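Colleague: Provided herewith is a single structure, encoded as structure tokens, for subsequent inquiry.
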Amino acid sequence: MAATLPNVVVLFADDLGYADVAYHGSPDMVTPHIDSIARNGVQFSAGYVTAPVCGPSRAGLRTGIYQNRFGAEDNPGPYKVREDVKIGIPSEMRTMSERMKELGYATGMVGKSHTGNGADFHPNGSGYDEFFGFINGASNYRTDTQWGKKINQPTNPILRQRERVEETEYLTDAFGREAVSFIDRHHEEPFFLYVPFNAIHGPMQGTDHDLAMFRNIKDAKRRLAVAMNFNLDQNVGRILTALRKHGLEENTLVVFLSDNGGKPHGNGSLNTPLRGNKGELWDGGIRVPFCMQWPSRVKGGQKLNFPVISMDILPSVVAAAGGEVEAGVDGLNLVPLLTGAAAFPPDRYLYWRFNRRWAIRDAEWKLIGDKGWKQPQLFHISEDIGESRDLYAERPQVAERLQASYDSWSAGLMPKLWGWDKTMPVHDPEMGGE
């Protein structure tokens, strides 16, 4: 039985914009390996994440539940909060890795954690047999002195399991190396591998080789983004090659997505044609490159416009592994929908709450609000992907329906338990104090 279980690989990019993959029409990004996943499987053109910043987006992915339900609405610290609050995914939440481990899978994580601070929230304590990476929101990629710091900055070291290591390879390459090593060592048993790359999140540091490849790009920030993303794609390719080497590709479910939208003014990423950026609930902050392949089960060449969200990954991979999830999981099992065994539900709603902002969408419409606005704005998002024409006054019944659904959902949430504000001395809460 174990031999028939699919392997699962979840590849998670960082701050990669909607327009930052060639299969979405990027004129300068070179992403053949990411594109191959989209080509060999399913492109989710309306693929979303649960938050417009790194930490809460990861919490939603790992639990299959809106992170607002357990107070993880903002990035984990460093923040000063109540003494009784531990910043991270609560231990009573069953994560994807814990569920897969219970189903008999070898579990590994390589990359950026960012779902909690301190020993209580270390990946080895939440279902991962093996961990290589870092805990906070950002890390240097290079060790040479021109970048001012080694990778192992004191506040956020690179760890193998719980021990600090001195890594000298370019960090994205190191993560690719470790992911391939995990596959090589576990190819004779079912495995679950989560690879949350930190590329193309800042600090913007490319290899000399990759930067030279794109010297024709005049804008220095965009050149760095393209070079770093090319390196990311090459390491995605290394992982796919490792699967093929062991004859595993046909029966491996591979998912690729970004943790939130791009940050054009920060890392040179692009969200075209979407409105908004990372940190916002316009689609530019939450709609991301999102694709999946599973050659033995899911027909390739599909392009799906139905809205899906990162929470759907957990129930999908658990079901693929022969397990079941309880009714309280918010995500949707996509496997029967992608194989044609079931029809897509006609009335699905997706919700977001991020500090003062909120949003809801269904298959056709999106309502978005802010505590500082006089009224929400309504967009026919299935046709107006750029959220350019506010139809709130013209379609009051649609707005009322969405508002009522959002209000009902929001009433069941808990207040956020931590967060950054302007009085705190940290300018970028993802940098972990750097």
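Just so you know, all these numbers are worked out from the coordinates, no wet-lab data involved. This one's a predicted model, so the numbers in the text were calculated from it and none came from an experiment. Using ideal geometry, Cβ is built from the backbone for each residue, glycine included, and neighbour counts are taken over all protein chains shown.
Colleague: Please compute the Kirkwood hydrodynamic radius of the stretch 294-340 from all pairs of different C-alpha atoms, in Å with one decimal.
Modeller: The answer is 11.4 Å.
Colleague: Just to confirm a number: summing +1 for Lys and Arg and -1 for Asp and Glu over residues other than Gly25 whose beta-carbon lies under 15 angstrom from that of Gly25, what do you get?
Modeller: Here the count lands on 0.
Colleague: Then there's this: Mind pulling the per residue volume of the convex hull built on the Cα atoms of the stretch 268-360? Å³ is fine.
Modeller: Spelled out: Cα convex hull of the stretch 268-360, divided by residues, is 141 Å³.
Colleague: Which residues in the stretch 322-363 have a backbone N closer than 15 Å to a point placed 7 Å from the Cα of Lys371 along the Cα-to-Cβ line?
Modeller: Under cut-off, by backbone N: 353-359.
Colleague: Moving to a separate point now. Dividing the convex hull volume of the Cα atoms of the stretch 269-323 by its residue count, what figure in Å³ per residue is obtained?
Modeller: 116 Å³
Colleague: So which DSSP H runs in the chain come out at 24 Å plus along the axis (Cα) with average Kyte-Doolittle of at least -1.0?
Modeller: 220-245
Colleague: With the crude spin-label approximation of a point 7 Å out along Cα→Cβ, what separation in nm comes out for Asp208 versus Lys245?
Modeller: Distance between label points: 2.7 nm.
Colleague: Something else about it: Between Arg160 and Glu324, what length comes free when the chain is fully extended (0.36 nm per residue of separation minus the Cα-Cα distance, one decimal in nm)?
Modeller: Contour length minus the Cα-Cα distance gives 55.9 nm.
Colleague: Kirkwood Rh over alpha-carbon pairs of the stretch 1-141, then Stokes-Einstein at 4 °C and 1.567 mPa s: what D in µm² s⁻¹, rounded to an integer?
Modeller: It comes out at roughly 77 µm²/s.
Colleague: Then there's this: Output the pairs from Lys374/Lys416; Lys101/Lys221; Lys221/Lys416; Lys101/Lys371; Lys218/Lys245 with a Cα-Cα distance over 31 Å in this structure; if there are none, say none.
Modeller: Those over the limit are Lys101/Lys221; Lys221/Lys416; Lys101/Lys371; Lys218/Lys245.
Colleague: How large is the Kirkwood hydrodynamic radius of the chain, counting all unique pairs of alpha carbons, in Å?
Modeller: 21.7 Å
Colleague: Below 14 Å, Cα to Cα, which aspartates and glutamates can Lys303 reach? Residues fewer than 8 away in the same chain don't count.
Modeller: Here the aspartates and glutamates satisfying the reach criterion relative to Lys303 are Asp35.
Colleague: How big, on average over all directions, is the shadow cast by the Cα convex hull of the stretch 185-287, in nm²?
Modeller: 8.3 nm²
Colleague: What number comes out for the charge environment of Val49, summing +1 per Lys or Arg and -1 per Asp or Glu over other residues with Cβ under 10 Å away?
Modeller: +1
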